[in-house]
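Quick notes on the structure that follows.
Derivation of every value follows stated rules applied to the coordinates shown; laboratory data play no part. What you see is a predicted model, and the numbers here were worked out from it, not measured in a lab. Because the Cβ atoms are built from the backbone with ideal geometry, glycine has one as well, and the counts that use them run over all protein chains shown.
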Amino acid sequence: MSTPAISIENLTKEFPIPFKRERVTAVRDLSLRVEPGQVYGLLGPNGSGKSTTMKIVLGLVSPTRGRTEIFGRDSTRVESREDVGFLPENPYFYKFLTGAETLHFFGKLCGLSGKKLRDRTKELLALVRLEDAAHRRIGGYSKGMLQRIGLAQAMIQEPRLLVLDEPTAGVDPAGSREIRDLILDFKKRGITVLLCSHLLGQVQEICDRIGILHQGLLVREGRLDELISIENQTELILENASPELLADLQAAVAKSTARVVEQRRPQTTLERYFLEVTSDEKKVKGDP
Amino acid sequence: MNAPAATQHRAFSPSRIAAIASNTLLELIRLKVFYFLLIFALLIIGCSFFLVNLSFQEQFQVLKDVSLGAMSIFTWLLAVLATAMLLPKDIEDRTLYTILAKPVPRLEYLLGKLLGVLALLFVAISLMSVMFVLVLYIREQAAIHVATRSMAPAELAGEIASIRASTFTVSLIPCIVIIYLKAALCGALTLLLSTFASSSIFTIIVSVVVYLIGHVQPIAREYWLATNDAGAGTKIFLALISLIFPDLTAFNLVDDVVAGNAIALGLFLKTAALGVTYIVVYYLAAYFAFSAKEL
């Protein structure tokens, strides 16, 4: 069995309440594994323990009990972060730095320098499509641009694991799609991704496995397609089916123990529809 | 496709520290903190205009007193105000998470921040020293010019030598170095306070209080010991207070310089060592407080 990208064993985190004896338990006895190359969605309502779990995995907070590892290295140790890129929720960078300077700074923190750092900066700015804004100060970036430069800095040292906290929060649909496509590209490159997001539609499109936290407990965990498939139903999508064929199928089903639950036309998603409409320049100019 | 290869970790990296230090210096410079240097320049230039009715020796004494005193106050203010907001700003903006999520030990992060402040203080004090030396040189030349016009040739050489001896003395350099170390000590103390303080305002207020205590506590301690029968417990308590709150009067060499006294090498080295020791101790205490901090 290969070394998991993330291994969480019996993780518990309790926070003391000032001037009181009670403690708040943010995470209770959590255990899960993220295998290399997977896109893993860590889901849950606000206050469920996702951010605390993420911070413990990143070594920013120490666990009360249990152990977390990144590629076999204890995540409380600094060296475990050599392989990790992190994009926090609502990323904030030094406003006085330009996009290129920001990547330079984080690159130096990861031990890059000289031509290698310059080339890597150029490559990432091209990847996240910020070449034109490279010499503009971060203070002037839009929300979508901040998310993209955040992704770029997370990738600066070519990490094996990316931890993304709400990577598309507050971003418009076009920007959100770009970020999602980037994540799928990272997956193709063999990079493991741990994703926290409230946008379940996107999680459904990207993730291989999910874990759902609720009040600090892992209530569901497994492959996404297995968890959300309705076991005793089958979807059959036909193209150019004639009314006669549909009638024959209905008749065949009626003779068996199965039943037709719903018959309808499949729909495109609102997101795809929105993007088609807004990216069509002819329509914007008033041309048919 | 194969995932990227695992990377080797360097336990201690001067380049990581240098990156954080230079970024801190850039952040503070872009906050336009150097505008206060304009106030310093105006102060010493303005001061020199009011000295014309004094003898040249009195002029140089007043100029040195005002300039070195202002240098001391301004560098201390810069150290406290610049340092007080560094950590809270990084925590509030969550920039700290992004930095510490990289393979950056907290020790290096804090050291980089401190070195950035020390670099800022060095630049500030260098600029102030240049302005001070320039104004002093102009006053010296003006005094020489006046002497040349009013004195007999036989007495002129001696008078010029006397003027020059009153302006640039060797003691100026160690005095400025000690001013720098005093400000650096206050910066390190402010960094320590900011690791557990709840806000920048609280950090600044406590730093100011410690600064005042540092100037008052040696006098208060000596007065108490002279007028009261102090038991062993009281003496230990007073000794602890004098260790925690540095004796900042020990860093005040301005009076000696103004009076024209030479600063002995032994005194300079002892004072400098005291300053460096306090900076190291405060930094280590800040690291211990910060390493346990939950983000």
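Data overview
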read-out	value
P(r) tail fraction, chain B - alpha-carbon pairs more than 34 Å apart, %	35
Rounded to 5, percent antiparallel among DSSP beta bridges of the protein assembly as shown	55
Tilt relative to chain B, helix B:106-150 - C-alpha long axis, 0 to 90 degrees, to 10	10
Helix B:172-196 vs. chain B, principal-axis angle (Cα, 0 to 90°, nearest 10)	30
Average beta-carbon neighbours from other chains, 10 Å sphere, peptide A:104-113	6
Average Cα contact separation per residue, chain B, under 8 Å, 6 or more apart, as relative contact order %	27
Distant-in-sequence amide H partners of A:VAL61 (H built 1.01 Å from N, under 5 Å)	A:ILE56
Average other protein chain Cβ within 10 Å of Cβ, residues A:87-96	5
Cross-link reach list, lysines versus B:LYS64, counting only Cα pairs under 25 Å and skipping chain neighbours closer than eight places	B:LYS182, B:LYS270
Shape call, chain A: gyration tensor on alpha carbons, a/c limit 1.5	oblate
Members of A:LYS143/A:LYS187; A:LYS20/A:LYS50; A:LYS95/B:LYS32; A:LYS108/B:LYS32; A:LYS108/B:LYS113 lying beyond 18 Å, as alpha-carbon distances in this model show	A:LYS143/A:LYS187; A:LYS20/A:LYS50; A:LYS108/B:LYS32
Three-way shape call for region B:224-295 based on the alpha-carbon gyration tensor, with the a/c threshold at 1.5	oblate
Residue-averaged [θ]222 nm for chain A, counting only DSSP H segments that reach four residues, each worth -39500 (n - 2.57)	-10000 deg cm²/dmol
Amide H contacts under 5 Å for A:LEU217, placed H, 5+ residues apart	A:ARG28
Rounded to 10°, Cα long-axis angle of helix B:153-167 versus longest principal axis of chain B	20
Percent of Cα pairs exceeding the 13 Å cut-off, where the set is region A:197-240	67
Inter-part distance where region B:16-33 and region A:86-126 are each reduced to a Cα centre, Å	16
Under 5 Å, built H, 5+ apart or other chain: amide partners of A:LEU194	A:TYR40, A:LEU162, A:VAL163, A:LEU164
Region B:165-259: projected area of the alpha-carbon convex hull, averaged over directions, in nm²	8.2
Sequence ranges A:142-152, B:254-264, ranked by mean other-Cβ count within 10 angstrom, highest first	A:142-152, B:254-264
Taking B:SER166, B:SER198 and counting other C-beta atoms within 10 Å, the order from fewest to most	B:SER198, B:SER166
Value of D in µm² per second that Stokes-Einstein yields for the protein assembly as shown, Kirkwood Rh from Cα pairs, at 37 °C (0.692 mPa s)	114
Residue mean of other protein chain beta carbons inside 10 Å, B:89-98	5
Candidate aspartates and glutamates - alpha carbon under 19 Å from B:LYS235, same-chain residues fewer than 8 apart omitted	B:GLU222, B:ASP247
Spacing of the two label points (7 Å from each Cα toward its C-beta) at A:SER31 and A:SER2, in nm	2.3
Candidates A:PHE186, A:PHE19, A:PHE71, ranked by Gaussian network fluctuation over chain A, Cα under 10 Å, top entry	A:PHE19
Between region B:99-177 and region A:141-172, the Cα center-to-center distance that results, in Å	48
16 Å Cα-Cα reach of A:LYS122 towards aspartates and glutamates, excluding residues that sit fewer than 8 places from it in its own chain	A:GLU101, A:GLU131, A:ASP132, A:GLU158
Rounded to whole Hz, the Karplus (6.51, -1.76, 1.60) HN-Hα couplings of region A:146-155, x for glycine and proline	4, 4, 5, 5, x, 5, 4, 5, 5, 8
Mean residue ellipticity (222 nm) of chain B, computed from DSSP H runs ≥ 4 via -39,500 (n - 2.57), nearest 500	-27000 deg cm²/dmol
Sequence of A:LYS108, B:LYS113 once ranked by neighbouring C-beta atoms within 10 Å, starting from the fewest	A:LYS108, B:LYS113
Chain A: relative contact order as a whole-number percent, Cα under 8 Å and 6+ apart	21
Region B:20-37 - phi-based ³J(HN,Hα) in whole Hz, Karplus 6.51/-1.76/1.60, Gly and Pro as x	5, 5, 5, 5, 5, 4, 4, 4, 5, 5, 6, 7, 6, 5, 6, 4, 5, 5
Reciprocal mean inverse distance between Cα atoms of region A:99-149 - Kirkwood radius, Å	11.0
Hz values of 3J(HN,Hα) by residue in region B:208-221 - Karplus curve (6.51, -1.76, 1.60), Gly and Pro given as x	5, 4, 5, 4, 5, 4, x, 8, 9, 4, x, 5, 4, 5
